[in-house]
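Structure first, commentary second.
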Amino acid sequence: MAVNAVATVEIGRALARLRRSTGLPVAFGGLVEPGHPRVRISELNGTSTDSLRRLAVTSGNGLGGKAVALARPCAVTDYSSSRQITHEYDAAVAMEGLCSVVAVPVVVRRRVRGVLYGALRTPQPLGDRTLTAAVDAARDVEQALVVREEASGLLEAARAQPAPPDRSAVWEQVREAHAALRALAPRIGDPALRAELLDACGLLTEPLAPNGVQLAPRELDVLACVAAGATNAGTAERLGLRSETVKGYLRSAMRKLGTHTRGEAVAAARRAGLLP
């Protein structure tokens, strides 16, 4: 799935979560169009008209454009009469009957990628709880995009022909890519993308021999991190596990591999074709 398609899906999910968590009657949003300083509204949740659909919001104009230009959240209590914003989009906003509106930019690596809006149909201040929830929803989209873009880069590396073992520096990069893919996979909400990542991991290892050693997915995740040089604490942080849980997976993997140390376990897993 293309990154922009993933972003659109994530925006839709974030808008639904925003309405559930705040009780806001309306939420909408969209992505910055490639090559243009404007946001195209594509996702609507709770709207009663189509006045906002496909609306192009230029950077600096209106509430959303101000959020894009400043790369920070902006809010107004009464959109139509606010002196804090320009009013190019008043007709579309009025047709939907919106008054209090918050706009939060989705910022990935210092670049605004989209905007989420939440709105009331009455002119009353949006409380801190609502503003915080809107910011959290935008952060969820940002994190999903960061993970997807990291995954895309790692997939490209994984699909390249692995370098022979004697080219140690390049081979270590391949092993690091394998460990990073294993660490990213559990964080991916999209089952198809998660399967794609794990398939890419398989491109970096040799097929298992019949009746070979079988490790559980989390045991292999832990060993991949260890093979990349991570400590137990570093592995725990990378995989979102407790240190004791990492130790348990490591002990189990060593027992299955018939080894007694971390280094022996990594070497045995490589011989078994479980690690690159």
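The values are calculated or read from the model by the stated rules, or taken from the named source; none is laboratory data. Note that this is a predicted model, so its numbers are computed, not measured. Here the Cβ is made from the backbone with ideal geometry for all residues, glycine too, and neighbour counts use every protein chain on show.
Among the residues in the range 12-21, are any within 16 Å of Val112 (Cα to Cα) and surrounded by 17 or more Cβ atoms within 10 Å (Cβ to Cβ)?
Within the range 12-21, none of the residues are within 16 Å of Val112 (Cα to Cα) and surrounded by 17 or more Cβ atoms within 10 Å (Cβ to Cβ).
Inspect the range 70-81 for any residue being in contact (Cβ under 8 Å) with a residue 60 or more places away in the chain and either farther than 20 Å from Leu24 by Cβ or not basic (Lys, Arg) (or both) and give the result as yes or no.
yes
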Task: Arg121 closer than 18 Å to Gly30 by Cα and charged (D, E, K, R) - done: no
TODO: Would you mind stating whether Ser51 is surrounded by fewer than 22 Cβ atoms within 10 Å (Cβ to Cβ), within 22 Å of Ala137 (Cα to Cα), of a type in the set (Ser, Thr, Tyr) and touching a helix residue (DSSP H, G or I) at 6+ places or on another chain (Cβ under 7 Å)?
DONE: no
Open item on the list: Going through Val26, Val32, Val39, Val9 one at a time, which residue ends up being at pLDDT 95 or above, β-branched (Val, Ile, Thr) and in the same structural domain as Leu116 (by TED's automatic domain parsing)?
Closed with: Val26
Task: helices (runs of 4 or more DSSP H) completely within the range 211-273 that count 2 or more residues being of a type in the set (D, E, K, R) and touching a residue at least 24 places away in the same chain (Cβ under 8 Å) - done: 217-227, 262-271
Open item on the list: Every residue in the range 110-134 that is among the basic types (Lys, Arg) and either at pLDDT 90 or above or surrounded by 15 or more Cβ atoms within 10 Å (Cβ to Cβ) (or both), please.
Closed with: Arg113, Arg121, Arg129
Task: Scan of the range 232-249 for residues that are surrounded by fewer than 15 Cβ atoms within 10 Å (Cβ to Cβ) and either of a type in the set (Gly, Ala, Ser) or not assigned by TED's automatic domain parsing to the domain that holds Leu220 (or both), ordered by number - done: Ala233, Gly240, Ser243
